[in-house]
Amino acid sequence: MNVGYMSQKDNMEKLEISGMPIIKTIKLLQSEPFVVSFLGGITGKHIKKVFTKNNIKSEHIYTRSDTELKVNILDNNNKSYAVIGENAKNIMDKEYAMYKSILNNLRNMAHVVIINESFFKSNEKEFYADILKFYKNDHYKIIVNTDKYSNILDFSDIIIPYAIKVTISKDDKILEKSNDEIVKKYLAYIKKGIHYVAIDIAGKGAIFISKNKTCYIESNHDLPSEKISEAIDAFLGAIAVGIERKYEQEKMSKIAFGTSVAVLQNKGISYCKQNDIMINKNKFKISEINNKNKISSNN
């Protein structure tokens with residue numbers, strides 16, 4: 001976890017914890033997230049307090065090294081003076097073993113698991129590959145959070161995720177291509193056995209691809225962008241809830257995009273209410289295209 005952005009007037013209670021918008025979204029949609037993480041040092045203690053205060057169910061492995069802390073110190077004119085931080089130290093084998101033991105004890109606590117693709121590029125990539133194998137042999141549905149340049153097929157020999165979530169910024173050049181061209185890029189994942197590819201065009205729209213069809217949804221309104229990272233996380237949290245509840249593709253598309261827009265409109269997940277999401281869910285229209293012919297013609 002990263003903790004970031006702090007001005008002279010702020011204290012630890014106002015630090016932003018990465019991943020928290022995902023957790024808050026799941027709770028806002030009346031589901032219960034469960035967090036298993038490594039924590040250490042002063043930062044770790046603070047994160048634990050935040051979880052307790054927000055009634056977030058969690059299990060933690062306390063490490064000898066501090067949880068990674070990145071703080072950008074700003075003056076009153078929002079000019080940066082310094083960046084203070086420490087790279088996370090490698091986690092010990094003993095701590096790995098404790099993590100896997102906790103997962104084993106919590107097999108029935110959750111059915112949907114979110115994993116960041118960046119983990120597979122970290123110093124602990126062998127550990128995360130091992131964790132994927134753990135999930136492969138059970139009833140879990142894995143969502144891998146990735147970016148458009150990553151190749152999910154690189155680790156498809158370890159596990160086929162149930163879904164992947166891709167984020168594209170609204171000014172990315174890839175959007176100069178037609179929707180058909182964008183979809184074609186990800187159909188190879190569907191052919192591998194991935195049920196859903198959810199493309200979050202941050203603050204603008206979304207594309208949901210499955211074997212049978214593709215759903216397009218977009219906003220014609222200018223949306224504030226100051227909380228775009230929270231909106232991206234909220235989109236992912238809403239997908240997790242949709243998969244856990246076995247929503248149809250259209251409903252999941254509307255919930256995910258509606259949640260993302262609600263976060264932008266309210267300038268943060270902390271200011272959103274469930275009604276904000278429901279209003280947006282019913283406001284945006286979806287267009288659909290059948291994928292069966294496309295997939296069969298590419299086989």
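A quick yes/no check of all residues on (1) touching a helix residue (DSSP H, G or I) at 6+ places or on another chain (Cβ under 9 Å); (2) modelled with pLDDT of 65 or more:
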residue	(1), (2)
Ser65	yes, yes
Val71	no, no
Tyr81	no, no
Lys94	no, yes
Ile102	no, yes
His111	yes, yes
Asn123	no, no
Filter segment 226-247 down to residues that are surrounded by fewer than 22 Cβ atoms within 10 Å (Cβ to Cβ) and either at pLDDT 95 or above or of a type outside the set (D, E, K, R) (or both), then give me how many there are.
5
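Look through Phe284, Phe208, Phe257 and report the one residue that is touching a strand residue (DSSP E or B) at 6+ places or on another chain (Cβ under 7 Å), open to solvent by 10 Å² or more (accessible area, probe 1.4 Å) and not small (Gly, Ala, Ser).
Details: Phe208 fails: open to solvent by 10 Å² or more (accessible area, probe 1.4 Å); Phe257 fails: open to solvent by 10 Å² or more (accessible area, probe 1.4 Å).
Going through Phe284, Phe208, Phe257 in turn, just one is touching a strand residue (DSSP E or B) at 6+ places or on another chain (Cβ under 7 Å), open to solvent by 10 Å² or more (accessible area, probe 1.4 Å) and not small (Gly, Ala, Ser): Phe284.
Has segment 206-222 got any residue that is touching a Gly at 6+ places or on another chain (Cβ under 8 Å), outside any strand (DSSP E or B) and of a type in the set (A, V, I, L, M)? I'd like the intermediate steps shown before the answer.
Within segment 206-222, the subset touching a Gly at 6+ places or on another chain (Cβ under 8 Å) is 216-219.
The next check asks that each one be outside any strand (DSSP E or B); those that pass are 219.
Those still in the list that are of a type in the set (A, V, I, L, M) too: none.
Within segment 206-222, none of the residues are touching a Gly at 6+ places or on another chain (Cβ under 8 Å), outside any strand (DSSP E or B) and of a type in the set (A, V, I, L, M).
The values are calculated or read from the model by the stated rules, or taken from the named source; none is laboratory data. Quick caveat, the model's predicted, so the values are computed rather than measured. Neighbour counts run over all protein chains shown; Cβ positions are idealised from the backbone, glycine included. Please note that ligands, DNA and RNA were not included when accessible areas were found on the heavy atoms of the full protein model with its side chains. Shrake-Rupley method; radii C 1.70, N 1.55, O 1.52, S 1.80 Å.
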